[in-house]
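This report concerns only the one structure given below.
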Amino acid sequence: MKIIPYGRQHITEEDINAVVITLNSDFLTQGPQIGEFEKNFAKYVGSNYAVAVSNGTAALHLCTMALNVKPGDKVITTPITFAASANCVRYCGGEVIFADIDPNTYLLDINAVKQVIEKDTSGNIKGIIPVDFAGRAVDIKAFRKLADEYGLWIIEDACHAPGGAYKYKAEEYNICGNGQFCDLAIFSFHPVKHIAAGEGGMITTNNKELYHRLNLLRTHGITKQEDLLNENHGAWYYEMHELGYNYRLTDFQAALGNSQLKRAEDGLKRRREIAKFYLEAFKDKPFIYGQSGVVEGHAYHLYIIEAEKRKELYDYLRSKQIFAQIHYIPLHLMPYYKKFGWEKGDLPNAEKYYSRCISLPMYPTLSSEEQGYVIDCIFEFYDNLP
Ligand SMILES: *Cc1c(COP(=O)(O)O)cnc(C)c1O
């Protein structure tokens, strides 16, 4: 029996051919595929600009750099996310303030964020990093309103939600990372994410100045753009204006990303079918306390349930070759963040969620038979409880 993971990439012949074509071309990095990918991705999410980078973490780091995060600055984010959403603040020496989640949506609770801001007397809170966790869009418009009241910036971590949207009314929705309400948004092309490029990331924005700054920081802070140069010694001449990094994506990764992007909508459709099937199967089952449900616009990077006897269920599924996963261990309880004074009990909603959550297999190539087997194994586990 082959292993059923919680998520996996889908590579087609077409994807492989796209990479091979680029490998046979004159460009391995910084070629035409990068610009194509940026253009296509911006179009997909509806932003004015996109900057391709080496991975999602690099995207987050460039964002905090471009927004001038410095030691003493405080930034608010959720504890239920991948470490990089918070770490990007630390890369610039800033302080991470975790605010609790909404127990129904599992997303950063805007009221908790408001409380943190109102309680703070330092005046050092600079920004908010909401996460479209599991693929469910945050109400970014509401976050914008709050941020504007206090002069804060927003980085939307949309790694889980390319193609996802927040639905306000029947005809009114906001696509994740479209830059309408956030200053910057970021995506990842790690193989477990919707669009795989091996490694890779993207920053989207509608802000022209930030866009130029990100381009500079992506390649060492070096520019050849004539109108930006202080001097000019000839065609070879360039200047380094800031301390940047090499966070470039390669052209063959961009070729893979481009090819995958063409199938993004099909993948989303299949993810939503799978979610619906799980929802039906677990409806009214007393051992399942909560599940994401079918939410319009949800991109279903993950399908999470809150389950009784979670650890035993996890182990049982593993014995059946089903590798479910836990997303996430609350970040404020990581030994690294505890060093800053965070402790158990600080964020009760996040901690309670963590004690019961489990992410079930969710990826476009998961077959109906495989999903049926996963569901059967879950029922089997609860039927056989002493
Ligand atoms: C995957 C992920 C990242 C980091 O992306 P990488 O490409 O792995 O560096 C950041 N935030 C969230 C929420 C993620 O899921």
So which strands (runs of 3 or more DSSP E) stay within region 169-246 end to end and still have 3 or more residues that are within 26 Å of the chain's Cα centre (by Cα) and within 16 Å of the ligand (Cβ to nearest atom)? 184-188, 201-205
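Here is a check on your reading of the model: is H301 touching a strand residue (DSSP E or B) at 6+ places or on another chain (Cβ under 6 Å) and of a type outside the set (A, V, I, L, M, F, W, C)?
On the way: touching a strand residue (DSSP E or B) at 6+ places or on another chain (Cβ under 6 Å): no; of a type outside the set (A, V, I, L, M, F, W, C): yes.
Considered against the rule, which asks whether it is touching a strand residue (DSSP E or B) at 6+ places or on another chain (Cβ under 6 Å) and of a type outside the set (A, V, I, L, M, F, W, C), H301 comes out as no.
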Is it the case that some residue within region 69-80 is in contact with a His (Cβ under 7 Å, 6 or more places away or on another chain) and touching a residue at least 12 places away in the same chain (Cβ under 8 Å)? yes
Tell me, please, whether a residue that is within 16 Å of the ligand (Cβ to nearest atom) and either in a helix (DSSP H, G or I) or of a type outside the set (S, T, Y) (or both) can be found in region 9-28. yes
Any idea how many residues of region 38-76 are within 13 Å of the ligand (Cβ to nearest atom), among the hydroxyl-bearing types (S, T, Y) and part of a helix (DSSP H, G or I)? 2
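Among residues belonging to region 309-327 that are basic (K, R) and assigned to a loop (DSSP other than H, G, I, E, B), point out the one that is modelled with the lowest pLDDT.
The first filter runs over region 309-327 and keeps only residues basic (K, R), leaving 309-311, 318, 320.
This time we only want the ones that are assigned to a loop (DSSP other than H, G, I, E, B), so: 309, 320.
Numbers: K309: 95, K320: 98.
Selected residue: K309.
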So how many residues does region 29-65 have that are under 22 Å from N87 (Cα atoms) and of a type outside the set (A, V, I, L, M, F, W, C)? 6
Mind listing whichever residues of region 77-126 are within 16 Å of the ligand (Cβ to nearest atom), part of a helix (DSSP H, G or I) and polar (S, T, N, Q)? S85, N87
Only residues that are assigned to a loop (DSSP other than H, G, I, E, B), hydrophobic (A, V, I, L, M, F, W, C) and within 16 Å of the ligand (Cβ to nearest atom): list them for region 294-308, please. A299, L302
Any idea which of (1) in contact with an Asp or Glu (Cβ under 9 Å, 6 or more places away or on another chain); (2) closer than 25 Å to H298 by Cβ is the one V89 doesn't satisfy? (2)
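Filter region 103-134 for residues that are charged (D, E, K, R) and surrounded by fewer than 17 Cβ atoms within 10 Å (Cβ to Cβ) and give the result. Explain how you work it out, then say what you get.
Looking only at region 103-134, we keep the residues that are charged (D, E, K, R), and these are 109, 114, 118-120, 126, 132.
Residues satisfying the conditions are K114, E118, K119, D120.
Looking at A137, A165, A196, A147, which one is buried (at least 24 other Cβ atoms within 10 Å of the Cβ), touching a Gly at 6+ places or on another chain (Cβ under 9 Å) and small (G, A, S)? Steps first, answer last, please.
Details: A165 fails: buried (at least 24 other Cβ atoms within 10 Å of the Cβ); A196 fails: buried (at least 24 other Cβ atoms within 10 Å of the Cβ); A147 fails: buried (at least 24 other Cβ atoms within 10 Å of the Cβ).
Of the residues listed, the single one that is buried (at least 24 other Cβ atoms within 10 Å of the Cβ), touching a Gly at 6+ places or on another chain (Cβ under 9 Å) and small (G, A, S) is A137.
Starting from residues that are hydroxyl-bearing (S, T, Y) and closer than 19 Å to P103 by Cβ, keep the ones in region 292-329 and report whichever is farthest from the chain's Cα centre (by Cα).
First, the residues of region 292-329 that are hydroxyl-bearing (S, T, Y): 292, 300, 303, 314, 316, 319, 328.
When the remaining residues are screened for being closer than 19 Å to P103 by Cβ, the result is 292, 303, 328.
Values: S292: 17, Y303: 15, Y328: 13 Å.
Among residues in region 292-329 that are hydroxyl-bearing (S, T, Y) and closer than 19 Å to P103 by Cβ, the one farthest from the chain's Cα centre (by Cα) is S292.
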Give me the pairs, please: first residue somewhere in region 233-262 and on the phi > 0 side of the Ramachandran plot, second residue anywhere and surrounded by fewer than 22 Cβ atoms within 10 Å (Cβ to Cβ), beta-carbon distance under 7 Å, and either six or more positions apart or on two chains. none
Would you point out which residue out of Y106, Y91, Y150 is touching a helix residue (DSSP H, G or I) at 6+ places or on another chain (Cβ under 6 Å), closer than 17 Å to C182 by Cα and of a type in the set (F, W, Y)? Y150
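Just to be sure before I move on: is E226 more than 30 Å from R310 (Cβ to Cβ), without any contact (Cβ under 8 Å) to a residue 12 or more places away in the chain and of a type in the set (D, E) in the structure I sent? Quick ask: steps written out before the conclusion?
On the way: more than 30 Å from R310 (Cβ to Cβ): yes; without any contact (Cβ under 8 Å) to a residue 12 or more places away in the chain: yes; of a type in the set (D, E): yes.
So E226 passes the test.
The values are calculated or read from the model by the stated rules, or taken from the named source; none is laboratory data. Just so it is clear, the structure is predicted and the values come from calculations on it, not from any experiment. Glycine gets a Cβ as well: all are built from the backbone with ideal geometry, and neighbour counts include every protein chain shown.
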